[in-house]
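A quick write-up on the structure given underneath.
The values are calculated or read from the model by the stated rules, or taken from the named source; none is laboratory data. Worth saying up front: this structure is predicted, and the values here are computed from it rather than measured. Counting neighbours? That spans all protein chains shown, and the Cβs are built from the backbone with ideal geometry, glycine included. Quick note on the areas: whole protein, heavy atoms, side chains included, nothing else; ligands and nucleic acids left out. Shrake-Rupley method; radii C 1.70, N 1.55, O 1.52, S 1.80 Å.
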Amino acid sequence: MSELLKESLPEEEIPKDEEASQGLKKEMTWKDAFWFASGVPALVLFSIGAIAATVGGLSWLVWTLSITIGFIQSFLYAEIAGLYPNKSGGASVYGAMAWVKYSKFLSAMSIWSNWIAWTPVLALGTKLASGFVLTTFFPTAAITTWGITLLELGFIRPGLTVRFDFSFVLALTFLAAVFLIQNLGAVNAARIQRILAVVALIPLLIVGIVPLITQGISIENITPSLPTGVSWDSAGWTLLFGGLFLAAWSTYAFETAICYTSEFKNPKKDTYKAIIFSGLLCLLVFTLVPFSFQNFFGPEGLLDPGIESGMGVGSAMAVMVGGGLLIETVLVLLLILSTVLSIMTSMGGSSRTIYQGSVDGWFPKFISRVNRNGAPTGAMWTNLGFNVILLSLSDYTFILAISNVNYIIFNFFNLNAGWIHRLDRPNWARPFKVPTWLLSINIVLAFVNIAFLGLGALVWGKGTLLSGLLVSLIAIPLFVYRHYITDKGQFPEQTQNEQDEKGFKKRAGILPYVAVAAAIVIIIITSQISNVS
């Protein structure tokens, strides 16, 4: 670990531009970004039940394997982030610069898919928080079950509707509160998030550690096994990949720590520290919490409807630590803070992703507006409006699955961006550089993730894969409008300078296109296997 953190290249410096940050203030350290990313561990609450229902006794192994993959990938993301110390927006923005000379449209799709992957956390998190409030404090009240169906969308997915209920109103209140906090600017928001993180991570650590001490380890509960009636045939493997597919949305997400690169006081050092230390926190929580849950309840216990939906997690935690109604209430309050923490993480990271996409010329100009506190308000309003629409939809697992289709697409482009940058920009200074053997592993993981997508997406519904791919293609008309209509076929000056930088040469040849073609073939083959299963 220490050798990886110390390795660097003393070659030619990266081109700099004092105006690159476009209004974002350089006031943060890696610790601030770490606290922003500290909301990621709470994402385990969103899908721990859904994954357990899919993979059975393999649940804790799926989480462990998934966070291990995410941690390995983070080293490569730390490298490519160091190439652009004046950019905000996270890994997809840095990866897009590798692809732009080969395809502007694929570059736009990479950034868009990253945003589509992150922004639904706002809707999913506020909905989960509102559910905690209603089921805990108003379990028998009429407002808990009241709702009006506004539109039937069964042609997209059976049972999908547009609804208006009190949960929507409460979720919108949480969303507005997070928006106001983020509007204060990165440093002020990070200070608030630090306080929330210290409090909100407590329940996750308690349920991860205390039951193991008091109850010990139950070998019977943690012995790997697939759901009842499913063997290690193609159907069993498909379910396993379905679990790995969905877990990736949570476990890979700490890459958001590098969304703040242009706001770091010392981006060369702060960037890789932020993502590596955030990764270590996630490695702990995503390994410990699912193991402890399965060790306590067993695979069958995790199938409880309350745990599967997420709404009964507070009650489950209280049982795990041997508490009564008071302990349950306290834990629920802490869980609400945990979900608010994840919402703040998403608002901060996703808004900077689409903000930088606008600054660089990929998306409409209004998104790059910044307020006097240095907060990307244009992007934040875009996030807010989009998630109000998502909040009205009835099927949140479907939203999560569509989101993750796009997340896998982004990860594919970004993992391949590592070797493209190495070929095309061999002499650029890299404050952090991964060894060649680790770069090679990440290239393999790019295609492993694509296999997860092809095999696993259909587990969450037949329309999941196609719908996710169609959503990713929305990036193309948005880019066409900005680039060819608004900007008359020219990128903004700074973006163009970065593309035409001194010493750049297209050395990858046809290899990027071969990688994309291979990914398409893998998706076709694996999705057909999944259909047969």
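Data overview
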{"quantity": "Number of the condition not met by residue 368 [criteria: (1) modelled with pLDDT of 90 or more; (2) surrounded by fewer than 24 Cβ atoms within 10 Å (Cβ to Cβ)]", "calculated": "(1)"}
{"quantity": "Residue identified as open to solvent by 10 Å² or more (accessible area, probe 1.4 Å) and farther than 21 Å from residue 402 by Cβ among 103, 107", "calculated": "103"}
{"quantity": "Index of the failed condition, residue 145 passing every other in (1) more than 18 Å from the chain's Cα centre (by Cα); (2) open to solvent by less than 30 Å² (accessible area, probe 1.4 Å); (3) under 25 Å from residue 335 (Cα atoms); (4) not hydrophobic (A, V, I, L, M, F, W, C)", "calculated": "(2)"}
{"quantity": "Selected residue (criterion: most open to solvent (accessible area, probe 1.4 Å)) from residues of region 454-494 that are in a loop (DSSP other than H, G, I, E, B) and more than 30 Å from residue 247 (Cα to Cα)", "calculated": "488"}
{"quantity": "Entirely in region 95-173, the helices (runs of 4 or more DSSP H) that have 1 or more residues that are within 21 Å of residue 477 (Cβ to Cβ)", "calculated": "104-118, 120-137"}
{"quantity": "Matching residues, region 360-375, being in a helix (DSSP H, G or I) and closer than 20 Å to residue 103 by Cβ", "calculated": "none"}
{"quantity": "Residue list for region 252-309, filter: of a type in the set (Ser, Thr, Tyr) and closer than 20 Å to residue 222 by Cα", "calculated": "287, 292"}
{"quantity": "Region 477-533: number of residues that are modelled with pLDDT under 90, in contact with a Leu (Cβ under 8 Å, 6 or more places away or on another chain) and hydrophobic (A, V, I, L, M, F, W, C)", "calculated": "2"}
{"quantity": "Exclusive hit being of a type in the set (Val, Ile, Thr), farther than 26 Å from residue 336 by Cα and open to solvent by less than 10 Å² (accessible area, probe 1.4 Å), set 51, 80", "calculated": "80"}
{"quantity": "Test for residue 273: is it open to solvent by 20 Å² or more (accessible area, probe 1.4 Å), at pLDDT below 80 and basic (Lys, Arg)", "calculated": "no"}
{"quantity": "Qualifying position, being among the small types (Gly, Ala, Ser), open to solvent by 20 Å² or more (accessible area, probe 1.4 Å), without any contact (Cβ under 8 Å) to a residue 24 or more places away in the chain and not in a strand (DSSP E or B), among 322, 385, 378", "calculated": "385"}
{"quantity": "Residues within region 421-453 that are crowded, with 18+ Cβ neighbours inside 10 Å and either in contact with a Pro (Cβ under 6 Å, 6 or more places away or on another chain) or outside any helix (DSSP H, G or I) (or both), tallied", "calculated": "7"}
{"quantity": "Pair list, Cβ < 6 Å and 6+ apart or interchain, from region 263-290 residues that are charged (D, E, K, R) to residues that are not in a loop (DSSP other than H, G, I, E, B)", "calculated": "263/28; 263/186; 270/30; 270/264; 273/30"}
